[in-house]
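Contents: one structure, followed by commentary.
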Amino acid sequence: MDLIFIDDLRVTTLVGIYPREKAMAQTIEISLQIGVSTERAGASDRIGDTIDYAVVVERLRVELAARQFNLLEKLAEHVATLLLTDFGAAWVRVSIAKLGMMRGVRRVGVIIERGTKG
């Protein structure tokens, strides 16, 4: 299996359980590893034969700007499902972090893996 990756994507969304988090969108950081065969694209040199990371980034920006999540875990599941279902990934690793939420801690977050690694 091949990997397409997107590192340190910054997206604004409403996420959190505290009143201040529900009232104001915050910037989160997302890193993705997307498992997919890139063999066809490698032979054809056509973007239609692979997952277009520019389309993934734009879709995430739009989707997450319009949604609200209590937990990073739910947000990560949403992203993983989107990649598996709408983009045809076989396997994904989704890392999502809140930035500067706690004194003395640069990032807090969650990493999930979904799908079949092959």
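Of all residues in segment 20-41, those satisfying the criterion of being free of Cβ contacts under 8 Å to residues at least 12 places away in the same chain and in contact with an Asp or Glu (Cβ under 7 Å, 6 or more places away or on another chain) are R40, A41.
Please verify whether V110 is without any contact (Cβ under 8 Å) to a residue 24 or more places away in the chain and out of contact with any Lys or Arg (no Cβ under 8 Å at 6 or more places or on another chain), treating the condition exactly as stated.
On the way: without any contact (Cβ under 8 Å) to a residue 24 or more places away in the chain: no; out of contact with any Lys or Arg (no Cβ under 8 Å at 6 or more places or on another chain): yes.
Criteria not met by V110.
Residues considered: A89, A80, A97. Of these, the only one that is touching a residue at least 24 places away in the same chain (Cβ under 8 Å), assigned to a helix (DSSP H, G or I) and in contact with a strand residue (DSSP E or B) (Cβ under 8 Å, 6 or more places away or on another chain) is A80. For segment 1-44, a residue qualifies if it is within 26 Å of G115 (Cα to Cα) and exposed (fewer than 11 other Cβ atoms within 10 Å of the Cβ), and the qualifying residues are F5, D7, D8, R10, A43. Taking the criterion of being within 20 Å of A66 (Cβ to Cβ), at pLDDT 95 or above and among the charged types (D, E, K, R), the only residue of segment 1-27 that qualifies is R10. I112 satisfies every condition listed in (1) surrounded by fewer than 17 Cβ atoms within 10 Å (Cβ to Cβ); (2) part of a loop (DSSP other than H, G, I, E, B) except (2).
The values are calculated or read from the model by the stated rules, or taken from the named source; none is laboratory data. Computed from a prediction, not measured in an experiment: that's the story for all the values here. Backbone-built Cβ (ideal geometry, glycine too); neighbour counts: all protein chains shown.
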